[in-house]
Amino acid sequence: MNKKEDKNTRYFIEIDIKTHKIITHGFDHKLSSSLDRGRQNNPKIHRLFLTKGQYNKFVNRCTIKDNKTT
């Protein structure tokens, strides 16, 4: 199932507080029950909200395959 993107879509990455590594990324509707709206329920994880442009650049940068030969 594809999620619908509209003006109420919020983009985010989740970061492990201890290791500073990205755990996951995604987007959801701002009124969705799965979107915590900035309340950090898990003290070990921080959810950082991004603009759509920042999120797309992040995803594109992480999925580009290096075609160079070494």
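Within segment 49-68, is there a residue that is at pLDDT below 80 and surrounded by 13 or more Cβ atoms within 10 Å (Cβ to Cβ)? No.
Can you find a residue that is at positive phi, modelled with pLDDT of 75 or more and part of a loop (DSSP other than H, G, I, E, B) anywhere in segment 14-28? There is at least one residue in segment 14-28 that is at positive phi, modelled with pLDDT of 75 or more and part of a loop (DSSP other than H, G, I, E, B). Scanning segment 1-9 for residues that are surrounded by 10 or more Cβ atoms within 10 Å (Cβ to Cβ), within 15 Å of the chain's Cα centre (by Cα) and modelled with pLDDT of 90 or more turns up at least one hit. When segment 31-47 is filtered for residues that are surrounded by fewer than 13 Cβ atoms within 10 Å (Cβ to Cβ) and modelled with pLDDT of 80 or more, the ones remaining, listed by number, are Asn42, Pro43, Lys44. Scanning segment 7-22 for residues that are in contact (Cβ under 8 Å) with a residue 12 or more places away in the chain and either closer than 11 Å to Lys52 by Cβ or among the aliphatic types (A, V, I, L, M) (or both) yields a total of 6.
The values are calculated or read from the model by the stated rules, or taken from the named source; none is laboratory data. Nothing here was measured: the structure is a model prediction, and the numbers come from that model. Quick reminder, even Gly has a Cβ in these numbers, built from the backbone with ideal geometry, and neighbours come from all protein chains shown.
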